[in-house]
Amino acid sequence: MFKKILVPVDGSAPAWRAMDTARNLAETYHADLVIVHVVQGLSTRGLIVNGMDISVKNDNVNSTKIGNMILDTAKDRLKGFPGKVEYDMEFGDAAEKIMDDARDKSVSAIVVGRRGLSGVEEFLLGSVSSRLVQYADIPVMVVK
Ligand SMILES: Nc1ncnc2c1ncn2[C@@H]1O[C@H](COP(=O)(O)OP(=O)(O)OP(=O)(O)O)[C@@H](O)[C@H]1O
Ligand SMILES: [Mg+2]
């Protein structure tokens, strides 16, 4: 049942915990991993500072750099993993892109962190994990 496991990572502690759990599962079931980071960009369209519109400068360039750092960190943490690992960077809405990727790559399950970078204490699930649980058509494991 677990041939290929997808882990979406945003660089947060819960996402790394999810990745560690997915690694254990993958080792047990001899599965491959797909690690995905979705660059959401900052909503800075029309951001004007000191009379200058800095929306473009502040946009996907920085987020892509950070995305690469997150994927490099994932690579580091997965050193010694015996199966195959694919690393993916996508752009757009995180939950949608994660589900598209899972479909395109015929993934059998998603392992996700309960919360992410925003980590608002009062919510049990973040919006990305909660949308995955509700709308993905494959099993989703939420790591607490
Ligand atoms: N941009 C992203 N790319 C890849 N995975 C993500 C991304 N954002 C969130 N995730 C995954 O979803 C999990 C839950 O994060 P989520 O964004 O839902 O919570 P949050 O940041 O606490 O709240 P919110 O973003 O809704 O304000 C993360 O641990 C990670 O596994
Ligand atoms: Mg988030």
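Rule-based calculations on the coordinates, nothing more; no lab input. What you see is a predicted model; the values in this text were computed from it and never measured. When we count neighbours, we look across all protein chains shown, and the Cβ atoms used for this are built from the backbone with ideal geometry, even at glycine.
How far, in degrees from 0 to 90, does helix 13-29 lean away from the longest principal axis of the Cα atoms of the chain, to the nearest 10?
Taking Cα atoms only, the helix is inclined about 30 degrees.
Summarise the long-distance tail of P(r) for the chain by giving the % of C-alpha pairs beyond 18 Å.
Summing the P(r) of the chain above 18 Å gives 56 percent of all pairs.
In a Gaussian network model over the chain where Cα atoms closer than 10 Å are linked, find which of Lys79, Lys105, Lys97 has the largest mean-square fluctuation.
Result: Lys79 has the largest fluctuation of those listed.
In nm, to one decimal, how far is the Glu122 label point from the Met52 one, both placed 7 Å along Cα→Cβ?
For Glu122 paired with Met52, the spin-label model returns 3.9 nm.
Compute the long axis of helix 94-104 from its Cα atoms, compare it with the longest principal axis of the Cα atoms of the chain, and write down the angle in degrees, 0 to 90, nearest 10.
40
What does the net charge come to around Lys105 if you take all other residues with beta carbon closer than 11 Å to its beta carbon, with K and R at +1 and D and E at -1?
-3
How many lysine pairs does the chain hold where the Cα atoms are under 20 Å apart and the two sit 8 or more places apart or on different chains?
The result is 16.
When the label point is put 7 Å from the Cα of Asp72 along its Cα-to-beta-carbon vector, which residues of the range 15-38 have a backbone N closer than 17 Å?
Taking a point 7 Å out along Cα→Cβ of Asp72, the residues of the range 15-38 whose backbone N falls under 17 Å are 37.
Using a Gaussian network model of the chain whose springs link C-alpha atoms within less than 10 Å, name the residue from Val38, Val111, Val120 with the highest mean-square fluctuation.
It is Val120.
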